[in-house]
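Below you'll find the structure, written out as structure tokens, and then a few comments.
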Amino acid sequence: MRNEKATFGQSVRRVEDRALLTGKGRYLDDLQPPGCLSVAFARSPYAHASFTTIDKDAALAMPGVIAVMSHADLAPHLRNDRLVVGLPSAAITLKVDRPVLAIDEVVHVGEPVALVIAENRAAAEDAAEALDIDYEPLDVVSDCRAALEPDSPTVHQSHDHNCLASFGFSFGDVDQAFADAAHIVRRSFDVHRGAAMSLEGRGVLAVPPDLDGVLSVWSSTQTPQALKTQLCQMLGLDPLGIKVRTPDLGGGFGPKLVTYPEEIATTAAALKIGRPLKWVEDRREHFVATAQERDQLWDMEMALEADGRIRGLRGALIHDHGAYTARGLNIPYGSAVTVPLPYNINAYKLDVQVVLTNKVPVAPLRGAGQPQAAFVMERMLDAAAETIGMDRSEIRALNLVRADQMPCVKPLKLRGGTNITLDSGDYPATQALALDKAGWQEFPARQKAALAEGRYLGIGLANYVEGTGRGPYETVSVEVQRTGRILVTTGAAAMGQGTETMLAQIVAEQLGGDMANITVRTGDTTGSLGFGGFNSRQTVVAGASAHQAACTVREKLLAVAADLLEADAADLEIVDNTVALKGVRGRHLPFADLAGAALGLPGFKLPGIKQPGLLSSDQVVIDDMTYSNGTAVAEVEVDPRTGQVCLLNFVLAHDCGRMVNPKLVDGQILGGIAHGIGNALYEQMVFDEDGQPLTTTLADYLLVSAAEMPQIHIVHTESPSPLNALGVKGVGESGVIPTAPAIASAVENALAPFGVSITSAPLSPQTVRRAVRQAGGAA
Amino acid sequence: MERHPLNLTVNGKPYAVETEFRKTLADTLREDCGLTGTHVGCEHGVCGACTVVVEGKAVRSCLMFAHQAEGMEIETVESLEKEGELHVLQEAFAEHHALQCGFCTPGFLMLVKGAVERGEELSDAELRHLLSSNLCRCTGYQNIIRAVRAAIDTFKEKASAVPEAAR
Ligand code: FES
Ligand code: FES
């Protein structure tokens with residue numbers, strides 16, 4: 001597949017950067033059509049309350065206020081009061097779809113209750129505050145374990161319990177595995193993940209129908225296709241009467257894949273008043289109204305042979321779902337299937353309960369349940385190693401899936417019903433690379449020397465397998481236009497990862513290597529069937545379609561040129577956006593001429609091609625997911641007196657198949673690790689027992705800054721995926737998955753003199769101090 | 001809410017606008033001056049996405065009222081590119097993949113512009129300390145650190161390449 005000038009596999013500069021660096025990016029709030037009004041939402045101040053009336057008079061009398069709309073005002077314009085966005089599952093027993101605006105009950109702080117339209121945002125916010133709503137507070141469910149007690153209050157008045165779904169996974173004879181095990185290890189874990197905190201929040205702009213009768217909606221979303229489908233259904237629109245587009249996105253990280261009530265309400269209101277309306281989420285709203293990932297509570301047992309081989313694993317998971325279904329059961333499902341993936345485990349049983357709480361809904365955040373699963377599995381292995389008296393790396397090497405087992409079919413199914421098959425990789429070799437780079441063997445000497453000075457150093461490791469490239473497909477169209485420029489159009493959605501560059505590299509590889517001659521349009525919802533950006537899928541599924549489309553266009557380009565140059569296609573090559581006869585100076589035709597000829601002339605035969613035009617639109621269907629893998633090693637220093645953890649060194653050896661652009665792969669991994677460090681040490685959404693979120697500013701909810709980042713060393717290995725022609729795998733979530741467990745392992749190792757056991761994340765100084773104290777540490 | 005006339009000087013150009021007293025400099029630059037390169041990430045002074053240079057100093061424009069900036073020299077990200085040529089800092093960010101979504105980028109550029117143009121000798125810890133003023137959710141900072149280092153070096157080289165007489 002190598003062609004004239006390589007772009008695939010090269011660390012080329014990104015095509016996105018120039019605009020973004022010069023202030024010419026176009027993010028949602030930069031779009032300001034004439035006559036545009038601002039929207040603010042009045043949101044519930046209570047975690048649970050009922051209400052009957054919304055008194056708008058005072059708000060409507062305020063300067064600059066145009067309208068106030070409640071559920072009753074929007075209902076006549078909606079086909080459905082509720083937004084049904086959950087992925088289907090037979091295990092779901094309660095219907096908890098969210099209303100577009102609250103009807104008579106609010107079930108989490110931040111739930112939108114009324115929409116205010118004003119000349120500017122400040123006026124709209126003032127008016128939203130002036131609304132008089134007769135809330136009657138109700139009992140609150142703020143803890144997902146307590147929510148399961150028989151006498152617990154309920155999250156929704158209309159339901160008599162809080163267990164949204166119970167399901168389980170089981171394979172092998174688990175009871176037998178435990179019956180005569182040499183060792184059994186038990187631990188309980190409390191794994192918290194916080195909020196996404198893309199630096200740009202959500203936002204939507206709706207512009208009522210133009211001269212062509214087309215409604216335009218712009219949204220800072222990862223899934224414009226899903227939004228278009230929902231808008232058509234909810235507002236009763238013909239797909240031809242609406243255009244949904246994405247501007248530049250200031251980050252996504254998961255929650256922007258959900259279709260939200262604010263997008264529907266703002267669009268409905270714009271249609272109702274016939275003016276362009278824009279709503280831009282502020283930071284507080286991002287904390288209270290954008291999906292987050294929050295709490296999982298695990299009780300686990302592992303059975304082992306005397307030599308450290310795993311016999312079986314069993315346990316239970318309680319997953320906090322929040323008050324409504326924003327996506328479905330995919331996070332707990334993903335957690336449950338991910339636990340045993342990297343290792344050879346013959347017997348596994350996990351019971352999962354998905355529980356409602358009076359908190360903002362939970363939906364995928366970078367990693368989507370996989371980081372929690374890795375935390376649990378890797379902590380269990382550390383506990384097992386300690387019990388048996390083995391090195392933590394040896395117990396892993398002994399149990400990891402080996403290269404000679406690939407492809408390795410796991411007795412677990414993806415949510416669509418296909419079996420999980422680890423497709424390629426050498427997990428033990430990757431672990432060995434990481435250990436080597438991190439100086440694992442020499443660490444005990446470093447640790448001893450430090451201890452002699454009264455400093456507590458620790459080292460820890462964690463393996464992961466990341467499911468990437470969620471199918472079935474993404475459309476990519478490639479066309480050499482009449483001007484000679486190449487246009488690539490796709491439903492794949494960009495949110496900052498470099499999707500345009502990735503596609504341009506794959507297409508340029510086939511079409512002469514000039515990326516500057518390529519325009520990429522992402523997030524297309526007019527011609528492109530597809531799904532958008534999530535699950536580290538775009539390089540795999542959109543990449544495969546782009547490759548195929550580009551190969552087809554190459555063939556056509558050469559066929560037309562062969563006809564016009566009266567040559568054999570095999571003797572042609574692409575040079576500087578022309579097709580040239582190899583080795584013959586001056587015998588070449590520019591793309592523009594070939595594209596013109598390919599359109600045909602009345603009465604003449606098409607030149608060398610059967611269909612007109614130099615274009616191809618492809619949807620390569622890939623049902624199976626492809627699995628990336630890796631090993632993280634963290635080295636820390638812990639102060640047992642203050643509980644402070646300082647990261648000294650971090651290594652990630654990984655394998656994401658063939659890399660389209662190693663520099664961009666590094667970027668994805670570095671960002672993921674930073675997020676993982678946040679999950680390990682800093683990021684916590686704190687709620688009080690009334691369900692009030694207490695961390696609603698960036699001064700309370702701590703994101704990692706440059707000061708906390710250690711030196712990070714990345715080691716690449718490439719085991720091509722056999723599932724797609726390019727051999728690529730996804731990498732967007734790799735960095736985040738093993739980071740918290742590697743750090744937890746290191747902290748436990750540092751505090752080994754105190755006998756501390758680390759079973760939760762994040763590890764705030766208070767948590768570490770408490771662990772030291774509980775272990776009876778004198779420090 | 002009453003609007004009041006206001007004269008701002010941004011990137012050397014005069015802007016005559018009318019805003020409420022309570023409007024921030026960030027919102028005024030974006031909405032009244034049409035300079036949307038300055039971004040707003042938190043509106044409470046933590047993220048630094050809104051950083052601009054006022055009277056030679058990096059300032060969070062979400063924490064300053066536009067009326068407070070009257071008569072002062074304001075520089076925004078739009079001032080960095082000169083006649084189609086990127087500033088060394090912008091070049092370095094592109095070369096070292098120091099941006100992903102780009103939302104934080106204008107803030108980082110304006111935060112470190114002064115240090116780069118003064119060719120400051122910053123230790124690793126000092127550079128991290130400076131960069132820790134702003135937040136980025138995408139990059140993990142390592143490439144931003146690299147880019148700023150490279151930009152400082154390039155700027156110094158360029159400055160020393162200019163013949164003595166021309167300085
Ligand atoms: S927007 Fe000004 S500091 Fe965040
Ligand atoms: S590049 Fe996205 S926040 Fe920094």
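The values are calculated or read from the model by the stated rules, or taken from the named source; none is laboratory data. Keep in mind the model is a prediction, meaning the values are calculated, not measured. All Cβ positions, even for glycine, are placed from backbone atoms using ideal geometry, and neighbour counts span all protein chains on display. Accessible surface is based on the protein model in full, side chains and every heavy atom, while ligands, DNA and RNA are left aside. Shrake-Rupley method; radii C 1.70, N 1.55, O 1.52, S 1.80 Å.
Considering region A:183-197, the residues that are assigned to a strand (DSSP E or B) and touching a Phe, Trp or Tyr at 6+ places or on another chain (Cβ under 6 Å) include one that is nearest to the other protein chains (Cβ to nearest Cβ), namely A:Val191. Scanning region A:590-618 for residues that are surrounded by fewer than 17 Cβ atoms within 10 Å (Cβ to Cβ) and in contact with a Gly (Cβ under 7 Å, 6 or more places away or on another chain) yields A:Pro590, A:Ala592, A:Leu599, A:Pro612. Considering region A:560-667, the qualifying strands (runs of 3 or more DSSP E), each wholly inside and each with 1 or more residues that are out of contact with any helix residue (DSSP H, G or I) (no Cβ under 8 Å at 6 or more places or on another chain), run over A:572-575, A:578-581, A:588-590, A:626-639, A:644-655. Among the residues that make up region A:675-685, is at least one of them free of Cβ contacts under 8 Å to residues at least 40 places away in the same chain and at the interface with another protein chain (Cβ under 10 Å from one of its Cβ atoms)? Checking region A:675-685: not a single residue is free of Cβ contacts under 8 Å to residues at least 40 places away in the same chain and at the interface with another protein chain (Cβ under 10 Å from one of its Cβ atoms).
Conditions (1) away from chain B (no Cβ under 14 Å); (2) within 16 Å of ligand 1 (Cβ to nearest atom); (3) of a type in the set (D, E, K, R), marked per residue:
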residue	(1), (2), (3)
A:Gly251	no, yes, no
A:Glu281	no, yes, yes
A:Thr290	no, no, no
A:Leu297	yes, no, no
A:Glu305	yes, no, yes
A:Arg309	yes, no, yes
A:Ile318	yes, no, no
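The helices (runs of 4 or more DSSP H) located wholly in region A:1-84 that include 2 or more residues which are open to solvent by 60 Å² or more (accessible area, probe 1.4 Å) occupy A:57-60. The residues in region A:299-330 that are over 18 Å from A:Asn162 (Cα atoms), under 28 Å from the mean Cα position of the chain (by Cα) and open to solvent by less than 10 Å² (accessible area, probe 1.4 Å) can be counted, and the count is 2.
When restricted to residues that are in a helix (DSSP H, G or I) and either in the same structural domain as B:Ala49 (by TED's automatic domain parsing) or within 16 Å of A:Gly250 (Cα to Cα) (or both), region B:92-108 contains 4. Checking each residue in region A:18-33 for being under 12 Å from A:Thr246 (Cα atoms) and at the interface with another protein chain (Cβ under 7 Å from one of its Cβ atoms) picks out only A:Tyr27. Listed by first and then second residue, the pairs linking a residue in region A:313-337 that is acidic (Asp, Glu) to a residue that is outside any strand (DSSP E or B), with Cβ atoms under 8 Å apart and 6 or more places separating them unless they lie on different chains, are A:Asp320/A:Cys144; A:Asp320/A:Thr357; A:Asp320/A:Lys359. Take the conditions more than 16 Å from ligand 2 (Cβ to nearest atom), more than 28 Å from the chain's Cα centre (by Cα) and either in contact (Cβ under 8 Å) with a residue 40 or more places away in the chain or within 14 Å of another protein chain (Cβ to nearest Cβ) (or both) and apply them to A:Asn517. Does it pass? Spelling it out, A:Asn517 is indeed more than 16 Å from ligand 2 (Cβ to nearest atom), more than 28 Å from the chain's Cα centre (by Cα) and either in contact (Cβ under 8 Å) with a residue 40 or more places away in the chain or within 14 Å of another protein chain (Cβ to nearest Cβ) (or both).
Restricting region B:74-106 to residues that are more than 16 Å from ligand 2 (Cβ to nearest atom) and within 13 Å of the chain's Cα centre (by Cα), which is farthest from B:Ala16 (Cα to Cα)? Restricting to residues being more than 16 Å from ligand 2 (Cβ to nearest atom) and within 13 Å of the chain's Cα centre (by Cα), the top hit is B:His87. Exactly one residue out of B:Arg128, B:Arg149, B:Arg118 is within 28 Å of A:Phe253 (Cβ to Cβ), more than 14 Å from ligand 2 (Cβ to nearest atom) and open to solvent by 70 Å² or more (accessible area, probe 1.4 Å), and it is B:Arg149.
The condition of being out of contact with any helix residue (DSSP H, G or I) (no Cβ under 9 Å at 6 or more places or on another chain) and among the β-branched types (Val, Ile, Thr) holds for only one of A:Thr519, A:Thr499, A:Thr489, A:Thr525, that being A:Thr489. Taking the criterion of being part of a loop (DSSP other than H, G, I, E, B) and over 16 Å from A:Leu381 (Cα atoms), the residues of region A:334-358 that qualify are A:Thr357, A:Asn358. At least 1 residues being in contact with an Asp or Glu (Cβ under 9 Å, 6 or more places away or on another chain) and of a type in the set (Val, Ile, Thr) is the threshold, and among the strands (runs of 3 or more DSSP E) wholly inside region A:198-257 those reaching it are A:203-207, A:215-219. The sole residue among A:Ala434, A:Ala493, A:Ala438 that is in contact (Cβ under 8 Å) with a residue 24 or more places away in the chain and within 14 Å of chain B (Cβ to nearest Cβ) is A:Ala493.
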